Number of protein chains: 2
Amino acid sequence: MRITTVGLDADDTLWHNETIFRLTQDRFRDLLADVAEPAVLDARLAAVEQRNLALYGYGVKGFTLSLIETAMELTGGDPPGRMIADILAAGREMLAHPVETLPGVDQALADLSTRYRLVLITKGDLLHQEQKLAASGLGDLFAAVEILSEKDASTYARIFERHGTGASAAAMCGNSMRSDILPALEAGAYAAHIPYHVTWAHEVAEAPSDHPRFIELAAIAQLPAWVRSLG
Amino acid sequence: MRITTVGLDADDTLWHNETIFRLTQDRFRDLLADVAEPAVLDARLAAVEQRNLALYGYGVKGFTLSLIETAMELTGGDPPGRMIADILAAGREMLAHPVETLPGVDQALADLSTRYRLVLITKGDLLHQEQKLAASGLGDLFAAVEILSEKDASTYARIFERHGTGASAAAMCGNSMRSDILPALEAGAYAAHIPYHVTWAHEVAEAPSDHPRFIELAAIAQLPAWVRSLG
């Protein structure tokens with residue numbers, strides 16, 4: 001089967017994202033250093049995020065609201081001085097953070113775009129993802145952009161049908177086993193996992209063992225050759 | 001020219017939205033009654049929202065963050081007691097608020113869907129808009145759903161090309177002159193304005209005078225007959 005379409009995740013596949021969340025979380029730990037141990041704070045924040053996920057979805061605005069909620073809980077509803085204002089500022093800085101593409105991304109995408117239809121497939125805040133794509137300078141390489149609230153097998157099947165010749169003629173590439181790889185394989189696509197050095201706990205999942213349409217790559221520079229090898 | 005596609009705005013066209021924002025804003029006025037006069041508070045909130053619009057976009061999460069920021073400013077960074085927790089709770093309630101379709105919507109859409117491709121065209125939080133559409137029970141009537149960060153003429157042209165036979169064979173219906181009507185007319189589509197009883201200041205704009213493809217309707221029940229009259 002000849003590959004016609006390559007789907008690419010955005011955050012932590014094309015550009016840094018989780019590190020920016022981690023930096024903000026470090027700053028949050030500093031802000032609450034007198035109130036809670038880092039481990040206690042991390043656990044509480046993770047619980048608040050998980051509780052809010054169904055309402056807030058993915059992205060910076062929901063994360064900022066969860067940071068504020070966690071600060072309120074840990075300070076007994078009485079956060080000192082500028083704590084809340086500082087969290088709001090940290091959230092705005094995340095949204096305005098410059099986009100830094102990962103090494104090899106520009107060349108790999110330029111190469112792939114000459115042979116395949118590239119589709120950006122990502123979760124998160126709609127406006128923020130559009131802004132990051134524009135700031136990345138990669139926008140013109142993509143034939144389509146799909147920003148989703150959740151990634152599952154039926155979503156991938158629909159997208160690869162719409163922007164190509166179905167999942168069996170498509171390859172998906174991303175850093176999240178849970179969102180990018182497993183559901184794309186389930187839909188019938190090929191999938192290449194390229195790990196990022198940190199992964200949000202929510203996105204962690206087991207790699208498939210010996211799956212004929214799956215590969216683990218060390219870097220996106222290896223992606224074009226692998227896709228070509230699929231025929 | 002025969003109409004093939006009908007675009008419909010969602011918030012305040014198919015279901016109540018602005019009233020829910022207004023109710024939350026009333027609650028916000030009560031929370032800050034000891035701190036600021038309603039007029040002062042409204043002006044400050046409007047300024048904060050406007051300042052944040054480019055970063056936050058449209059939707060409840062950005063609105064909640066702007067409420068918190070306004071409360072911080074008006075209390076000199078020291079909000080009393082449960083004020084912030086109450087604002088967070090108000091934001092979550094907006095996200096979880098039941099969807100109430102406006103009178104005549106179900107029947108008008110059922111009627112239109114037998115003759116035309118219906119496309120939902122809306123701004124706001126991606127996840128929240130999907131949740132509202134699911135809760136409305138109207139999802140099956142739509143051939144496509146387009147959730148956007150901004151509505152302009154090129155967006156309408158692209159959507160009516162993708163889901164039909166171009167803007168000249170499409171009609172758009174919505175409550176916002178600024179987002180639903182003027183850019184759809186500019187793209188070459190027909191447009192029906194159905195006012196909602198309150199409009200966010202940001203969405204207010206002049207009606208076009210004597211435009212051959214524009215109509216003002218009192219209720220969505222009048223929409224199917226008007227679209228049929230276009231031929």
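The values are calculated or read from the model by the stated rules, or taken from the named source; none is laboratory data. Please read these numbers as outputs of a predicted model, since none were measured by experiment. Neighbour counts run over all protein chains shown; Cβ positions are idealised from the backbone, glycine included.
I'd like the full set of residues that are closer than 17 Å to residue A:3 by Cα, in a loop (DSSP other than H, G, I, E, B) and of a type in the set (A, V, I, L, M), limited to the stretch A:182-231.
Selection gives A:189, A:230.
Looking at residue B:56 and the list (1) within 30 Å of residue A:134 (Cβ to Cβ); (2) surrounded by fewer than 19 Cβ atoms within 10 Å (Cβ to Cβ); (3) within 9 Å of chain A (Cβ to nearest Cβ), which single condition is not satisfied?
(2)
Among the residues of the stretch A:197-211, which ones are under 24 Å from residue A:50 (Cβ atoms) and in contact with a strand residue (DSSP E or B) (Cβ under 9 Å, 6 or more places away or on another chain)?
A:207
Can you tell me how many residues within the stretch B:47-63 are closer than 12 Å to residue B:28 by Cβ and either over 17 Å from the mean Cα position of the chain (by Cα) or assigned by TED's automatic domain parsing to the domain that holds residue B:11 (or both)?
The total comes to 1.
Would you be able to tell me the number of residues in the stretch B:89-117 that are under 17 Å from the mean Cα position of the chain (by Cα) and more than 9 Å from chain A (Cβ to nearest Cβ)?
9
Can you tell me how many residues in the stretch B:154-184 are over 26 Å from residue A:162 (Cβ atoms) and over 18 Å from the mean Cα position of the chain (by Cα)?
Qualifying residue count for the region: 0.
Could you tell me which of the residues A:140, A:111, A:106, A:125 is of a type in the set (Asp, Glu) and over 25 Å from residue A:221 (Cβ atoms)? Step through it out loud before you land on a result.
Numbers: A:140 fails: over 25 Å from residue A:221 (Cβ atoms); A:111 fails: over 25 Å from residue A:221 (Cβ atoms); A:106 fails: over 25 Å from residue A:221 (Cβ atoms).
Answer to the selection: A:125.
Considering only the stretch A:16-37, I want to know if a residue exists there that is within 24 Å of residue A:134 (Cβ to Cβ), in a helix (DSSP H, G or I), without any contact (Cβ under 8 Å) to a residue 40 or more places away in the chain and within 14 Å of chain B (Cβ to nearest Cβ).
Within the stretch A:16-37 (the criterion being within 24 Å of residue A:134 (Cβ to Cβ), in a helix (DSSP H, G or I), without any contact (Cβ under 8 Å) to a residue 40 or more places away in the chain and within 14 Å of chain B (Cβ to nearest Cβ)), the answer is no, since none of the residues qualifies.
One residue is enough: does the stretch B:207-229 have a residue meeting the conditions exposed (fewer than 15 other Cβ atoms within 10 Å of the Cβ), on the phi > 0 side of the Ramachandran plot and free of Cβ contacts under 8 Å to residues at least 12 places away in the same chain?
There is at least one residue in the stretch B:207-229 that is exposed (fewer than 15 other Cβ atoms within 10 Å of the Cβ), on the phi > 0 side of the Ramachandran plot and free of Cβ contacts under 8 Å to residues at least 12 places away in the same chain.
Please count how many residues of the stretch A:68-86 are within 11 Å of chain B (Cβ to nearest Cβ) and either of a type in the set (S, T, N, Q) or not in a loop (DSSP other than H, G, I, E, B) (or both).
11
Only one of (1) over 23 Å from residue B:59 (Cβ atoms); (2) modelled with pLDDT under 95; (3) within 14 Å of chain B (Cβ to nearest Cβ) fails for residue A:197. Which number is that?
Condition (3) is where residue A:197 drops out.
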